[in-house]
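To keep things clear, I will list the structure first and then write my remarks on it.
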Amino acid sequence: MLSLTRLIQGAAAATLLATTTLSAQAAGEVNVYTTREPGLIQPLLDNFSKESGIKANVIFVKEGLAERVATEGANSPADLLSVVDFGNLIELADRGLTQPVQSAVLEEAIPANLRDADGQWYGLSMRARVIYASKDRVQDETLTYEDLADPRFKGKVCIRSGQHPYNTSLIAAVIAKDGPDAAKGWLTGVKDNLARKAGGGDRDVARDILANLCDVGVANSYYVGLMRSGKGGPEQVEWGNAIRVILPTFKDKAGTHVNVSGAAVAKNAPNKENAVKLLEYLVSPAAQEIYAKANFEYPVRAGVAPDPIIAELGTLTVDPTPLTDVAKQRKQASELVDVVGFDG
Amino acid sequence: MSLPRLRLAPARSDRPWRIGAALIALIALAPIGGLVFFASRGSGALWPHLIANVLPAAARTTALLLLGVGILVTVLGIGMAWLVTAYRFPGRRLFEWALLLPLSVPSYVMAFAYLDVVHPVGPLQTGLRHLLGISDPRGLPFPDIRSPGGAILLLGLILYPYVYLPVRALFVMQSASLLEASRTLGAGRWRAFRTVALPLARPAVAVGVSLALMEALNDIGASEFLGVRTLTVAIYTTWVTRSSIEGAAQIALVMLAIVFALVLLERLGRRGMNYAAPRGNGQPMAQKLTGGGALLAALACALPILLGFIVPASYLIVSAARRIALGGLPADLWVWTGNSVLFAGIAAALTVAIGLFLATAGRMSRRKSLHGMIRLAGIGYAIPGTVLAVGLLVPIAGLDNWIADAVKSVWGRSPGLILMSSGAALLLAYCLRFQAITIGGIESGFSRISPSIDMAARSLGAGTARLSGGIHVPLLSPAIAAAGLLVFVDCMKELPATLLLRPFNFETLATYVYGEAARGTYEDGAVAALVIVIAGMLPVALLARAGTRERRGAPTA
C-alpha cells in the first residue's frame, strides 16, 4: 500500500522532473546524501532552497554512504555527496562514484590544496586537530603532537579511540611526516601516557580534564565553540572553560593538522546542474558564515572570519603536507593503532 | 523420543508449509548473499594483520562480554520471574510489569546517560563529594564505566527482560500441578524451583538468553562508546576506518558461522525433550511473604528497575525539560514519532504473522529440512544491524534497478528506485533483523501446548485452519503479544539499518537522537529519546494488562 502510493508519487515526480529538466528551468530538486548531522546541514539547505527555489531532499547516512551510492548504480537519485574527512572524499573519487565539476566560482573560493585537482571533490570547511590542556595544571604555551609521547605526560593524556577517523588521519599525517618507524614509537609513547582507555568523544577530553582525570588531550577545534558557546548546555560551558586550547604543530613547526568537510557531485547525478549550484552556494560568503557560526568550523573562503570563540584560539597555520599524501597513509595508520594496542 | 507423530494426513499435506518456509528462508538469506558478494571481492590480505593484532583480543573481549551479560541476564531474568510468580509481596503486581521497562531504553542512550551520571564531575559523584566534603574530583573510588565491566552491567540491565519475559510467561502458564506434586513429595520450595521449574523453563531461558546475547554481540552504540573492543567493533573499524567493506564482510561471515553453530548446538542439546505440561490454573501456589522476606523481595525487584530504567529515564526527563524550557518541543517531533511507530508497528505485525506461520509449520511437520529453513529465517538476528543493512543493499538495489529498468523500457521513463524510496527496503530490513524474535517466542509458546491437544482436535475433525485459529492462536496469545512487543520496541530503537536504508527526508526518533548526540547537543536529542522510551512503555503496559487478564481468566484445570 505504502509503496503503491509512493510508486504513483515517484512516477509523478519523475514525470515532473523530466519535463522541468527538458525545459531547462532553474527550479527543481537536488538530492543530498550526507554524513553530516542534519542539525548542521539543514540550515544551509533551507537557505539554499529559499534563495534558489530548488528543493533540497536529504538523507543523513552514518556509514555506508559509498556502498549505498555504489549499489544503487545508474538509477541512484543522489546528486551531491557530502562527507567529512578528506580520506572519505578521496575514496569516493577513487571508487568512481563522483564526477568532475569545473566551476570558476568554486575554484576561486576554495584554495587549491583543499580541493581535487580534477574537480572530483571540494572542501567546504576546515577543522583543526588541537590540544586541550588543563588551565591549572599545564604551563606550556606551545606543544607539538610529538610532545604527547613525552614521559612527563605519563598518565595524563586523554583521547578518543585511535581508530576514529579524526585520529587515524592525524596518525597518518605523523607517518607521512616522520616515517612509519618514528610514528610507531610516537604512538606507543602516547599509549603509555594514557590516563584512561582511549574512548568516548572529543568533548570527553575536556570533561575528563575538568575532572582531573587527565591534563592534556587531542580533540577537534569546533568542539571548543560548541562547549563554550553554551549550545550544549551549562555543564559543557564548564568543561570548555576548564581547558586551554593549544594549536599544536608537528615537530618541524610547519603547521597544525587540519581536516575538511567537503562534497562531490555523484557520478550518476540526475540533477547535476542543481548539485553544482548547491556546491557554489555552499562556498558563498553567506553559507561560509553559517559553517563558522553554527558549527564553529574554519571557513575555506578567504575573507570570511571564523567565529570569535574560534578566532581567539590563535591564528591557524595549516600544515602544508598535501592531504592526498596523508590519505595514502590512512590504512597504515589504522593498522598501527592495532599493532601498538592503542585502544586495548 | 516421546513426541508422537502429529501428521495424520498424507505426506503431501506439509508441502505448502515447506514452500512457504523455503521462500521466507530465501529472503532471509538475501543480505547474507550481499555479504558473500562483498567478501568475495576482497583479497584476504587483511587477515594476517587481523589475526596477529586484532582478532585474539577482540574475541577475548567479546567472550568476556557475552559471559558477563549471559550470567547477569540469566540470574536477573529467572530470579525476577520466579520472585513475582512464586511469591506474594507488597508491590508485586507493579513489579510484574515494571520489570519490563528497561527494554525501552536503547543501549546508546544507556551509555550516554550513565557516563554522564557517574562521571567524576557528574551529579552523583559531585553530590556525594559535597556530602562528604571532598574537593578533588577524583576523591571517590568509583570504577570507570568505560570498561568491559561497565558494558556488561549496562547491557545486562537493559537486556534481562529478554529472559524475564518468556520465563515469567512460562511460570505463569505452567501447570501448578507439577510443582504441587513435587511439594507433596516433600521437596522444599528451593528444590522444587531447581529440579522442576527450572528444567521446565529451559526452552524459554534458551530463547531469552540467546536473544539477549545476540543483542549484546551485535551492539555497537554502547560498546564503541564505552571503549570495549568487541568483534563487532572490529568489523566496524575494518569497514569505516580502513574502508574495507570486503574485509568487514569476511569477518562478519566468520562470526555469523560461529554464532549459528552455537545456536544449533543448543537446540541439539534440547532435541527430543518434551516440555509440554497440562495447563494449570495459572496461579502456581504463590507463597505470601511477610516482614523481612517481603522487604527483601521488593528491594530485589526494585533494583534492576531503578538501575535499568529509572536512572536513564530520569536523566532523559531532566535533559528534555531543559530543552523544552529553552526552545519548546522540536517542531517535527510528531512526524518522527509517527514514522517510528508506523514502521515499528508494521514490522511487528509482519514478523508476528511470519513467525506464527513458521512456528506452526514446525509443529505440523517434523521434516528436518523444514526445521533447517525455519532456523535460517531468523538468521538476520545473528548479524550486527549495520552489517545486515549493507548486505541487504546489494540484492535490494539490484532488484530496484531491475524494476526501474523494466519500467523504463515499457514507459520510457524511470520511476527511480521504488523499494529504497518508499521505505520498503527499510521495512524489509527490520523484518529480517528481528524475525528470530517472533519465531523463537512463538515456538517456545508452542512447546507448552501439549501435542495431545492437537491430536484431540484432529480426531474431532478440525482442519489446520481451525486448529490454528481456534486453539493455537488463543493459547499462544501471551507468547504472540510478547514477541510482537519485543520486535516493536526493537524497531523503535533500531539505528544503523534506518540510517543506511531510509528514504529522503525520513526521520525517526532514533535517527534524530543519534544526529543530535553525534553533534553533542544531547539536550535536543533527549526529547526524542524520551519519546522512544515512552512509546516503548505503552505496549509494555498493554502487555501487562493482557498478562493479568490471562491469569485471571485462565481456565481451571
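Rule-based calculations on the coordinates, nothing more; no lab input. If you're wondering where the values come from, they're calculated on a predicted model, not measured in any experiment. Every residue, glycine as well, gets a Cβ built from its backbone with ideal geometry; the counts of neighbours run over all protein chains shown.
Inter-part distance, segment B:14-61 to segment B:474-521, computed on C-alpha centroids, equals 23 Å. How many angstrom lie between the Cα centre of segment B:401-472 and the Cα centre of segment B:129-150? Answer, in whole Å: 50. Cα centroid separation, segment A:124-201 to segment A:309-344: 9 Å.
Here B:PHE260, B:PHE434, A:PHE250 are placed in order of increasing Cβ neighbour count within 10 Å, fewest first, which gives B:PHE260, A:PHE250, B:PHE434. Near the amide H of A:VAL300, within less than 5 Å, lie the amide hydrogens of A:MET126, all on another chain or at least 5 residues away, with H placed in the peptide plane.
Residue by residue, segment A:31-36 carries 3J(HN,Hα) couplings of 10, 10, 9, 9, 9, 7 Hz when phi is fed to the Karplus relation 6.51 cos²θ - 1.76 cosθ + 1.60 (θ = phi - 60°); x denotes Gly or Pro.
Summary value for segment B:53-553: 22 percent relative contact order, contacts being C-alpha pairs under 8 angstrom separated by 6+ residues. What shape does segment A:142-195 have by the C-alpha gyration tensor, where a ≥ b ≥ c are the square roots of the eigenvalues, rounded means a/c under 1.5, and otherwise prolate means a/b greater than b/c and oblate the rest? Oblate, since a/c reaches 1.5 and b/c is not below a/b.
Dipole magnitude for the protein assembly as shown: computed about the Cα centre from +1 point charges on Lys and Arg Cβ and -1 point charges on Asp and Glu Cβ, it is near 4640 debye. Here the gap between B:SER13 and B:HIS371, fully extended at 0.36 nm per residue and compared with their Cα-Cα distance, gives a gain of 127.3 nm.
Mean separation of Cα pairs under 8 Å and 6 or more residues apart, divided by the residue count, gives chain A a relative contact order of 26 percent.
Given R0 = 60 Å, the distance between the Cβ atoms of B:LEU124 and B:ILE51 translates into a calculated FRET efficiency of 0.90.
The protection proxy used here, the mean number of other Cβ atoms lying within 10 Å of each residue, ranks peptides A:319-326, B:209-216, A:289-296 as follows, highest first: B:209-216, A:289-296, A:319-326. Remark: spin-label model distance B:ILE453-B:LEU23 equals 2.8 nm, labels positioned 7 Å along the Cα→Cβ axis. Please give me the summed charge of the neighbours of B:LEU467: other residues whose Cβ is under 9 Å from its Cβ, Lys and Arg +1, Asp and Glu -1. Neighbourhood net charge equals +1. By the rule of a C-alpha distance below 26 Å, with chain neighbours fewer than 8 residues away ignored, the lysines paired with A:LYS55 are A:LYS267, A:LYS272, A:LYS277, A:LYS293, B:LYS408. Backbone phi angles across segment B:349-359, fed through the Karplus curve with coefficients 6.51, -1.76 and 1.60 (θ = phi - 60°), yield HN-Hα couplings of 4, 5, 5, 5, 4, 5, x, 5, 4, 5, 5 Hz in residue order; Gly and Pro are listed as x.
Dividing the helix sum by the residues of chain B, where each DSSP H run of 4 or more adds -39500 (n - 2.57), gives a mean residue ellipticity at 222 nm of -23000 deg cm²/dmol. Look at the Cα gyration tensor of segment B:6-165: its axes a ≥ b ≥ c give a/c of at least 1.5 with a/b at or below b/c, and that counts as oblate. Taking all C-alpha pairs of the protein assembly as shown, those more than 46 Å from each other amount to 29 percent. Which net charge results when you count Lys and Arg as +1 and Asp and Glu as -1 among the other residues whose beta-carbon is under 13 Å from that of A:GLY96? Taking every other residue near A:GLY96 into account, the sum is -1. Diffusion of chain B by Stokes-Einstein, at 4 °C in a medium of 1.567 mPa s and with Rh set to the Kirkwood radius over alpha-carbon pairs, works out to 52 µm²/s.
Of the complete DSSP H runs in chain A, those spanning 24 angstrom or more by Cα along the long axis with a mean Kyte-Doolittle score not below -1.0 are A:2-22. Database remark: amide H of A:VAL58 closer than 5 angstrom to the amide H of A:VAL32, B:ASN505 (H placed geometrically; neighbours at sequence offset of 5 or more, or on other chains; Pro and chain starts carry no H).
Under a no-solvent Debye model with one identical scatterer per Cα of chain A, what's log10 I(q)/I(0) at q = 0.08, 0.13, 0.15 Å⁻¹? With no solvent term, the Cα-only Debye profile gives -0.41, -0.99, -1.25. Between the amide H of A:ALA195 and those of A:LYS156, A:VAL157, A:CYS158, distances stay under 5 Å, these residues lying 5 or more places away or on another chain, with hydrogens modeled in the peptide plane. Once the C-beta distance of B:ILE471 and A:ALA74 is scaled by a Förster radius of 51 Å, the resulting FRET efficiency is 0.45 to the nearest 0.05.
Within the shell defined by Cβ-Cβ distances under 12 Å, the residues around A:LEU213 carry a net charge of +2, with Lys and Arg each +1 and Asp and Glu each -1. Scalar couplings 3J(HN,Hα) for segment B:419-428, obtained by applying the Karplus form with A = 6.51, B = -1.76, C = 1.60 to θ = phi - 60°, are 5, 6, 7, 8, x, 4, 4, 5, 4, 4 Hz; x denotes Gly and Pro.
With a Förster radius of 41 Å applied to the beta-carbon distance between B:LEU306 and A:LYS50, the computed FRET efficiency rounds to 0.25.
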